[in-house]
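Here's the structure, in structure tokens; my notes come after.
The values are calculated or read from the model by the stated rules, or taken from the named source; none is laboratory data. As the structure is a prediction and not an experimental result, all values here were calculated from the model. Reconstructed Cβ throughout: ideal geometry from the backbone, glycine too, with neighbour counts over all protein chains shown. These area figures cover heavy atoms from the full protein model, side chains too; ligands, DNA and RNA do not enter into them. Shrake-Rupley method; radii C 1.70, N 1.55, O 1.52, S 1.80 Å.
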Amino acid sequence: ITDKSSWVMAGRNTTSLNRPRRVCKHGTNSPWSVVTNRNEIYWLDQEKQFRRMNGDYSVDSLSKNRYDNIFDNIPDDYLYRVCAGVKRDVIHIGYTLSGGVNNVTIAIYDTVEDIWQRDATLADTTFGMIYPYLDELRCWTQDGYLQELDAATGTVDVGTASITAAIRPFIETGEFAPSFHEKAQYFTPWVYCQSDAGNSLTISITGRQKG
């Protein structure tokens, strides 16, 4: 998905996979909004419509005449911050309200029931990116904190403050992103530090396994 359209690789083997084919004119200015669920792709396109593409590459708008009046008011300067995550067939979309400067509002779409739920504003959270992890829905905030969104007691910090200074600049510029596969979570951190004599940096990684 580019900023102007969506493409698929048209080949069937390693020598022909370099032939992209455009399947629709809907791209995105919000790359963190792209999510997949049950062999379908969802994203906020460049016209601020929330789209769905199924296996035969047909595309429809899930927000037109239903929720587009909300997305239309997202400031253009902050479209790049729109982010989404899926948990149990429900998509959570973080975005910036009209006149705002931070992602403090989340819209919820149920892919099974085809229902938009009322959006919520969380004053103590600024969504940087949203993703599922095990039985949780997590987010990196724009301040570089790792939080669990649907904890029983509300939004809860599950990371450590020590990583904030290193991670925050890359969340703001889009250079850092977690990826996940089934029950595993992987990170590709980029850390810059001064190499002057006497300076040191210690990185501690703690793994967690369930089941």
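Figures for the structure shown
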| read-out | value |
| --- | --- |
| Extreme residue, farthest from Asp114 (Cα to Cα), among residues of the stretch 82-98 that are surrounded by 14 or more Cβ atoms within 10 Å (Cβ to Cβ) and without any contact (Cβ under 8 Å) to a residue 24 or more places away in the chain | Thr96 |
| Selected residue [touching a Leu at 6+ places or on another chain (Cβ under 9 Å), buried (at least 16 other Cβ atoms within 10 Å of the Cβ), among the aliphatic types (A, V, I, L, M) and not in a strand (DSSP E or B)] from Leu79, Leu137 | Leu79 |
| Condition met for Pro178 (at pLDDT below 75, over 14 Å from Asn103 (Cβ atoms) and open to solvent by less than 60 Å² (accessible area, probe 1.4 Å)) | yes |
| Residues of the stretch 59-72 satisfying the condition of being open to solvent by less than 50 Å² (accessible area, probe 1.4 Å) and out of contact with any Asp or Glu (no Cβ under 8 Å at 6 or more places or on another chain) | Val59, Ser63, Tyr67, Asp68, Phe71 |
| Among the residues listed as Trp43, Trp32, the single one being within 14 Å of the chain's Cα centre (by Cα) and open to solvent by 30 Å² or more (accessible area, probe 1.4 Å) | Trp32 |
